[in-house]
Amino acid sequence: MALRHFTPLTPHLPVLSSTPSRRLNRFSFSVMASASRKVLVPIANGTEPMEAVISIDVLRRAGADVTVASVEKQLTVEACHGVKIVADALISDCVDTVYDLVSLPGGMLGATNLRDCNTLRNIVEKQASEGRLYAAICASPAVVLGSWGLLKGKKATCYPSFMEQLSSSATTVESRVQLDGQATTSRGPGTTMEYSVTLVERLFGKEKADEVSKPLLMRSKHDDQFIVTELNKVQWTCSSEPKILVPIADGSEEMEAVMIIDVLRRAKAEVVVASVGDKLEIVASRKVKLVADMLLDEAAKLSYDLIVLPGGLGGAKAFANSETIVNLLKKQSESDKYYGAICASPALVLEPHGLLKGKKATAFPAMCDKLSDQSEAEKRVVVDGKLITSRGPGTSIEFSLAIVEKFLGREKALEIAKAMLVV
């Protein structure tokens with residue numbers, strides 16, 4: 001058995017200065033006393049999909065009423081790395097609604113498109129002037145909030161390459177998540193889950209944040225190393241760029257699907273996202289609407305170096321009931337090619353169809369009793385020969401980076417991890 005480690009950056013926990021902290025306590029009490037928490041997450045062409053989808057998913061897990069609003073002329077936006085997200089509304093539909101929180105995802109082009117939307121600017125400036133919460137991550141603290149003057153006199157953080165720009169409009173700090181008064185800022189894809197849980201705490205309190213974070217399987221300490229458990233080690237090969245099939249279905253876990261697609265496309269893998277349903281658009285487990293590249297029947301005509309299944313209870317059940325998916329996976333295994341799954345899918349799809357026979361695997365904790373061999377079930381990522389499995393949302397990036405490392409080498413995986421602020 002081999003254990004491989006990714007070593008993270010020195011962590012910084014959220015920091016609050018003393019005066020803004022007193023303001024925060026009073027504000028939190030008033031918000032927690034309200035009947036509901038309405039949240040606006042604007043998206044645009046070029047938005048970083050992980051930052052958008054993770055925050056939407058986590059906030060909805062907490063019970064927030066989240067509106068995903070497009071600042072484009074249409075509901076469907078093309079986020080970074082070819083991920084297509086369908087918004088709930090246009091930003092013009094949101095002007096008369098009072099939100100407890102407005103949270104801006106990043107992405108360089110996405111942040112620029114958010115900044116240039118006057119309707120959104122009016123909403124966020126009103127949010128700030130009326131003393132309600134607003135937040136941004138990655139490029140958006142500098143490109144959007146900073147340029148609008150909404151971080152003046154505040155401590156803030158952002159993606160490292162935008163820190164110089166941010167310094168002209170805020171006091172910059174290198175925290176992973178930074179709070180100051182009504183504002184919350186964060187650094188990038190690798191800090192998004194912490195950022196999102198922090199927003200839950202600001203809206204609902206620490207008890208709810210703890211409740212939401214537990215099943216996410218986040219790392220308990222940010223200075224822990226990422227560990228990939230590998231058994232029966234073999235060299236993973238492909239002809240050029242890896243060709244990878246990622247099926248999605250109604251009920252798929254959107255965080256897991258998007259993180260897998262995003263990371264693998266950053267590595268220049270050729271990723272085909274295929275809908276198991278009868279239309280390209282699927283509604284994921286937390287009601288995020290994603291658009292596949294093609295239907296599964298069309299995708300099944302192609303060959304792949306790897307087939308990898310995201311989780312989500314509804315999505316995993318759809319995969320298990322799809323004769324096409326099961327036949328593809330069996331053919332993949334019989335052809336001595338690579339396959340993998342995360343969260344509920346190892347237990348609900350691979351196990352009952354004999355695709356874990358003689359293999360070590362892991363799965364979402366509540367599903368591990370369905371694995372015939374549970375000896376490695378507590379591990380975050382397990383590679384056994386040409387099979388890779390993992391546990392859930394909080395292990396999805398490690399899972400994806402392990403795939404990158406197996407196909408393209410450790411140096412490439414670390415390059416991507418550093419760019420995402422994972423290590």
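The values are calculated or read from the model by the stated rules, or taken from the named source; none is laboratory data. Please read these numbers as outputs of a predicted model, since none were measured by experiment. Neighbour counts run over all protein chains shown; Cβ positions are idealised from the backbone, glycine included. Note: areas computed on protein heavy atoms with side chains; ligands, DNA, RNA excluded. Shrake-Rupley method; radii C 1.70, N 1.55, O 1.52, S 1.80 Å.
Which members of segment 245-260 meet the condition of being over 18 Å from ASN327 (Cα atoms) and either among the acidic types (Asp, Glu) or open to solvent by less than 10 Å² (accessible area, probe 1.4 Å) (or both)?
Hits for segment 245-260 are ASP250, SER252, GLU253, GLU254, MET255, GLU256, ALA257, VAL258, MET259, ILE260.
For the structure I just gave you, tell me whether LEU348 is open to solvent by 10 Å² or more (accessible area, probe 1.4 Å), aliphatic (A, V, I, L, M), modelled with pLDDT of 95 or more and part of a loop (DSSP other than H, G, I, E, B).
no
Give the residues of segment 96-130 that are in contact (Cβ under 8 Å) with a residue 40 or more places away in the chain and assigned to a loop (DSSP other than H, G, I, E, B), sorted by residue number.
THR97, VAL98, TYR99, ASP100, PRO105, GLY106, GLY107, CYS117
What are the residues in segment 133-152 that are surrounded by 24 or more Cβ atoms within 10 Å (Cβ to Cβ) and among the aliphatic types (A, V, I, L, M), if any?
Once the filter is applied, which keeps residues that are surrounded by 24 or more Cβ atoms within 10 Å (Cβ to Cβ) and among the aliphatic types (A, V, I, L, M), segment 133-152 yields LEU133, ALA135, ALA136, ILE137, ALA139, ALA142, VAL143, VAL144, LEU145, LEU151.
Determine which single condition ASP384 fails, assuming it passes every other condition in (1) farther than 30 Å from CYS158 by Cα; (2) open to solvent by 20 Å² or more (accessible area, probe 1.4 Å); (3) charged (D, E, K, R).
(2)
So which of VAL283, VAL288, VAL271, VAL263 is surrounded by 24 or more Cβ atoms within 10 Å (Cβ to Cβ) and touching a strand residue (DSSP E or B) at 6+ places or on another chain (Cβ under 6 Å)?
Answer to the check: VAL271.
Output the residues belonging to segment 375-400 that are within 23 Å of ASP305 (Cβ to Cβ), among the polar types (S, T, N, Q) and free of Cβ contacts under 8 Å to residues at least 60 places away in the same chain.
Residues satisfying the conditions are THR389, SER390.
From (1) within 21 Å of GLU253 (Cα to Cα); (2) over 18 Å from the mean Cα position of the chain (by Cα), pick out the condition that doesn't hold for SER345.
(2)
Please give the strands (runs of 3 or more DSSP E) falling wholly within segment 267-342 in which 1 or more residues are modelled with pLDDT of 95 or more, over 19 Å from the mean Cα position of the chain (by Cα) and under 23 Å from ILE397 (Cα atoms).
270-275, 306-309, 338-342
Output the residues belonging to segment 387-397 that are surrounded by fewer than 24 Cβ atoms within 10 Å (Cβ to Cβ) and within 12 Å of the chain's Cα centre (by Cα).
Correct list: GLY394 only.
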